[in-house]
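First the structure, in the form of C-alpha cells, and then the observations on it.
The values are calculated or read from the model by the stated rules, or taken from the named source; none is laboratory data. Predicted model, so just to flag it, every value in this text is computed and none were measured. Every residue, glycine among them, receives a Cβ derived from its backbone with ideal geometry; neighbour counts consider all protein chains shown. When the accessible area is computed, the model is the full protein with side chains, heavy atoms only, and any ligands, DNA or RNA have been set aside. Shrake-Rupley method; radii C 1.70, N 1.55, O 1.52, S 1.80 Å.
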Amino acid sequence: MHLAADPWVWVAAILTLFIFTFLYKDNPLYKFAEHLLVGVSAGYYLAIYWHNGVKPNIIDHLGQGQLIYLIPLILGLMFFTIFIPKTSYMIRWPIAFLLGAGSGLSIPATFQANIAEQIKGTMLQPLSFYYSNAALINAIILFVGVLTVLTYFFFSKEHKGALYTTARIGIIFLMIGFGASFGYTVMARVSLLIGRLQFLLGNWLGIIPSW
Amino acid sequence: MKIIRILSTLDRRIIFLLVGLGILIPLLKPLGIPENITPPVRDVYQFIDTLPPGSAILLSVDYDASVLPEVHPMFLSILRHAMLRKVKVIGIALNPAGVGLGVQAFDRISKEFGKKYGEDYVYLGFKPNMAATMLGLGEEIHKVFPTDYYGIPLDSLPMMKEIHSYRDIALVISFSGANIPALWVSYAYSRYGQKVAAGVTAVMAADYYPFLQTGQFIGMLGGMKGAAEYEDLVNRLLQKKGYRKPMPFAIKGMDSITVVHLLIILFIILGNLGYFLQKKEVK
C-alpha cells in the first residue's frame, strides 16, 4: 500500500467519498460535492464553448473584417432578449432559424438511418435464408417481433380474437426487450461503481494496480 | 418462510453494503473468469486487424468522465490495437467534457508504442455542433478543423496532407454514453457511406443492436463486457508480438460484475418470493 502523492488524486478521492455518503442519507458533504460539480461544469462548458465556438467562428472572423458574421452574432444575441419582457418576442427568430435548419438537416438523414434502413433490415430477404439456420431463425424472430409489437400499439380497433393474441405475443417481446435493457442498465451502474473503487483502491490507496 | 420474508424486506443500505463487497472482493482477489468473445466485438477487431498499414481511422471521443469505467478501456484498447497495427489515428471530441480524456489516452498509448505526433496520430479536439461537424468531415476535414487541438495548422502535419475527408478514412468509431453513434450513422454512414462502429455504455447497447443487424455499424462494443472482450483480444496480440501486457481493467471489472449480477439475481428471486408469500397470506 502506497498512498498517492498527487494532491489532485486526494481531491478526487475525497470528493468521491463525499458523494458516496449519500448512500447512507442526504447530508452537507454530499451537497457540497454536488454543488461544486455543477459550478465547475458550468464554468468549464462556458470556457470551452467560448474558445471552440464563439471565438473561432465569430470573433476571429469579425476581427478580420468579415462583416457577414454579424448576422449569426445578432441572431445569437437575440436569445438573450428573453430577459427583457418588451423584446422577448425576438427570441422566436433565432429559434425559428434553428428549427428550420435543424429539421432540414436531420429529417432526411434520420428517415434514411432510422426508418428506411430499419425496415429493410426487418424484411425477410433471400439472404436471411442463405447464411445459416441460426440467421434464418433470428430473421424470423425479428420479423414476428416487429409485427406483433406494432399490433400491440394499434389502437384503432379493439384487441379481440386474432388481434388480441397477436398483441399478447407483442407484449412478450416488449417484456423481453425491457428485461434486456434492465440487465444492461444494472451492468452499466455496477461498472461505474467498479470504476470508482478501482480509482480509490488503485490511484489513491495503491492497494491494487492504478487505473 | 420467515427468513424469506425478512430477506425480502431488507433495508436498502444492507443491499448497498453487499453489492459493495461483491465488487470489492473480486477486485482484491481476481477470479480470472475467461472472456467469451462475441461477434460484434470480433467484427471491430478483425476490421482493424486486417487494415493495411498506413490506413487511417477516426476515433471520436463522444463520452465524458461519467461513463469512464465502461468506455475509456474500450478507447485505450482500440487505440493500442490501431497503433500496434501501424494504422494512423485521428482523434476528435464531440463531447466537450471528453476533450481531456482524449488527450490523456493519446499521450499514454503513443508513448507505449513510440508513435510520433503528426505522423502516426493527430488529435483535433472539440468542435461544437455535431451534425455540422460530421457533415463537414465528409467534405474537407481541413476546413472543419483548420488547426488541431494544440493550435498547429492541419496543413503542416505530415499525416494530414493525404487525409481530407471520409474517402481517406477506413473507419469511424464513436465512443459514447449517449445517442451520438446514431448521429454518425445518420450523417456519416447514410450520407457518405462511411463505415461506422461504436463503443457504447451498457445502457445504450440495447438501443444500438438494430444498427448492427442492418449493417449500419460494422461492429459494436457494449459496456464493460465489450471493453473486456476487446482488452482480451488486444492483450493476446500484444503478448504474441512480445509486448508487455497492460493492466486489464475491464477484464478485472467483469469479475466483480459477475459476482454482483449473481447477487442481484438472488435479490430479485427473494423479493418475488416474499411478494408472493405476502399475497398468499393476505388471501
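From the Cα gyration tensor of the protein assembly as shown, with a ≥ b ≥ c the square roots of its eigenvalues, which class applies: rounded if a/c is under 1.5, or else prolate if a/b is larger than b/c, or else oblate?
rounded
Tell me the per residue accessible area of the protein assembly as shown using a 1.4 Å probe; a whole number in Å² is fine.
Heavy-atom accessible area per residue stands at 54 Å².
Calculate, axis by axis, the spread of Cα positions in segment A:123-211 along the three principal axes, and write the results as whole Å, longest axis first.
Principal extents (largest minus smallest coordinate, Cα): 64, 37, 15 Å.
Distance between Cα centroids, segment B:1-49 to segment B:80-103: provide it in whole Å.
After rounding, the separation between the Cα centres reads 29 Å.
Just to be sure I understand the model, the point goes 7 Å from the Cα along the line to the Cβ. What's the resulting residue B:66 to residue B:49 distance in nm?
So the two model labels end up 3.6 nm from each other.
Sorting A:123, B:224, A:90 by accessible area (1.4 Å probe), largest first, what list results?
A:123, A:90, B:224
Measure off 7 Å from each Cα along the Cα-to-Cβ vector at residue B:11 and residue A:86, then give the distance between these two points in nanometres to one decimal.
6.1
Going by a 1.4 Å probe on protein heavy atoms, which residues of segment A:176-194 end up with at least 50 Å² less accessible surface in the whole assembly than in their chain alone?
At a threshold of 50 Å² (probe 1.4 Å), the residues of segment A:176-194 that become less exposed are A:184, A:187, A:190, A:191, A:192, A:194.
Counting Lys and Arg as +1 and Asp and Glu as -1, each charge on the Cβ, what is the dipole of chain B about the Cα centre in debye, to the nearest 20?
900
Which of the lysines could a cross-linker bridge to residue B:279, judged by Cα under 30 Å and excluding same-chain residues fewer than eight apart?
Straight-distance partners of residue B:279: B:2.
Take B:90, B:264, A:95 and sort them by solvent-accessible surface of the protein heavy atoms, 1.4 Å probe, largest at the top.
Sorted by accessible area, descending: A:95, B:264, B:90.
Can you tell me the orientation of helix B:202-213 relative to chain B, as the angle in degrees between its alpha-carbon axis and the longest Cα principal axis, to the nearest 10?
Its long axis makes an angle of about 60 degrees.
What does the C-alpha gyration tensor say about the overall shape of chain A? Classify as rounded when a/c is under 1.5, otherwise prolate if a/b is larger than b/c, or oblate.
It is oblate, given that a/c is not under 1.5 and a/b is not larger than b/c.
Taking chain B as the reference, fit the longest principal axis to its C-alpha atoms, fit the long axis of helix B:12-28 to the helix C-alpha atoms, and give the angle between the two in degrees, 0 to 90, nearest 10.
The two axes meet at around 50 degrees.
If each DSSP helix of 4+ residues adds -39,500 (n - 2.57) and the sum is divided by the residues in the protein assembly as shown, what number results at 222 nm, nearest 500 deg cm²/dmol?
Value at 222 nm, helices only: -18500 deg cm²/dmol.
For chains A and B, what's the summed buried accessible area, probe 1.4 Å, to the nearest 100 square angstrom?
4000
Express the carbon and sulfur contribution to the solvent-accessible surface of the protein assembly as shown as a percent, rounded to the nearest whole number, probe 1.4 angstrom.
68
Which value, in Å² rounded to 10, gives the accessible area of residue B:162 with a 1.4 Å probe and all protein chains present?
150
Once a ≥ b ≥ c are taken as the square roots of the eigenvalues of the Cα gyration tensor of segment B:195-283, is the result rounded (a/c under 1.5), prolate (a/b larger than b/c) or oblate (a/b not larger than b/c)?
Oblate.
Considering only protein heavy atoms, with the full assembly of protein chains and a 1.4 angstrom probe, order B:70, B:281 by accessible area, largest first.
B:281, B:70
Round to the nearest 10 and report in Å² the accessible area of residue B:180, as given by a 1.4 Å probe over the protein chains' heavy atoms.
10
Hey, which aspartates and glutamates would be in cross-link range of residue B:143, C-alpha to C-alpha under 18 Å, not counting anything within fewer than 8 residues on its own chain?
Reachable aspartates and glutamates: A:60, B:155, B:162, B:168.
What pairs in B:115/B:161; A:157/B:280; B:195/B:225; B:116/B:240; B:86/B:245; A:120/B:88 have C-alpha atoms more than 29 Å from each other?
In this structure, A:157/B:280; A:120/B:88 lie more than 29 Å apart at Cα.
Using only Cα atoms and rounding to the nearest 10 degrees, what angle (0 to 90) does helix B:249-282 make with the longest principal axis of chain B?
The two axes meet at around 40 degrees.
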